[in-house]
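Student: Here it is, the structure in full.
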Amino acid sequence: MSYCKQEGKDRIIFVTKEDHEAPSNAELVEDDPNDPYEDHGLILPNGDINWNCPCLGGMASGPCGQQFKEAFSCFHYSTEEVKGSECIEHFRNMQECMQKYPELYPQEDESDGATSGGADTAPAEPTGTDEASAPTSPTGDVTTTGTESAAAS
């Protein structure tokens, strides 16, 4: 005898061996070819934004979803020479909202996002032991002296 059991949000269905061996009588429903959200990316065929696209990573929902939609819509529909230049206030509002929820929208640390050799990083001073400052032979080989030659051999 088959039966169903509900545990919290889960529904557990127990079937007998006979039920399992019988052919399925489930009817499959074909996908609606006119569903505007089916198999489309971020932009729908009519040019609208698909807010259900998984590529948005849930940004369109949540506590800052409205600010995200306003900023993203402004940028998407922007006709300015510098695309989105009129959307700065929308993006600022979105950023301010996200800063209120750091557990949902963590910010990158400057040390995580920074790359070495950036604008604030001064280049290393030559020490005189680099190959660039070492004397070279007429054939272009780097020549060494003293303990350096013993270590090289």
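The values are calculated or read from the model by the stated rules, or taken from the named source; none is laboratory data. Since the model is a prediction, treat every value here as computed from it, not as a measurement. For neighbour counting, all protein chains shown are included, and Cβ atoms are generated from backbone atoms with ideal geometry for every residue, glycine included.
Student: For segment 72-86, how many residues are loosely packed, with under 14 Cβ neighbours inside 10 Å and in contact (Cβ under 8 Å) with a residue 12 or more places away in the chain?
Tutor: Residues meeting the conditions: 1.
Student: Also: What are the residues in segment 1-39 that are of a type in the set (Ser, Thr, Tyr) and at pLDDT 80 or above, if any?
Tutor: The answer is Thr16, and nothing else.
Student: Hey, another quick one. In segment 49-58, which residues are surrounded by 14 or more Cβ atoms within 10 Å (Cβ to Cβ) and under 19 Å from Pro102 (Cα atoms)?
Tutor: Hit for segment 49-58 is Leu56, nothing else.
Yes or no, residue by residue, for (1) touching a strand residue (DSSP E or B) at 6+ places or on another chain (Cβ under 8 Å); (2) at pLDDT 95 or above; (3) crowded, with 16+ Cβ neighbours inside 10 Å; (4) not in a helix (DSSP H, G or I):
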{"position": "Gly41", "(1), (2), (3), (4)": "no, no, no, yes"}
{"position": "Gly47", "(1), (2), (3), (4)": "no, no, no, yes"}
{"position": "Ala60", "(1), (2), (3), (4)": "no, no, yes, yes"}
{"position": "Gln67", "(1), (2), (3), (4)": "no, yes, yes, no"}
{"position": "Glu70", "(1), (2), (3), (4)": "no, yes, yes, no"}
{"position": "Ile88", "(1), (2), (3), (4)": "no, yes, no, no"}
{"position": "Phe91", "(1), (2), (3), (4)": "no, yes, yes, no"}
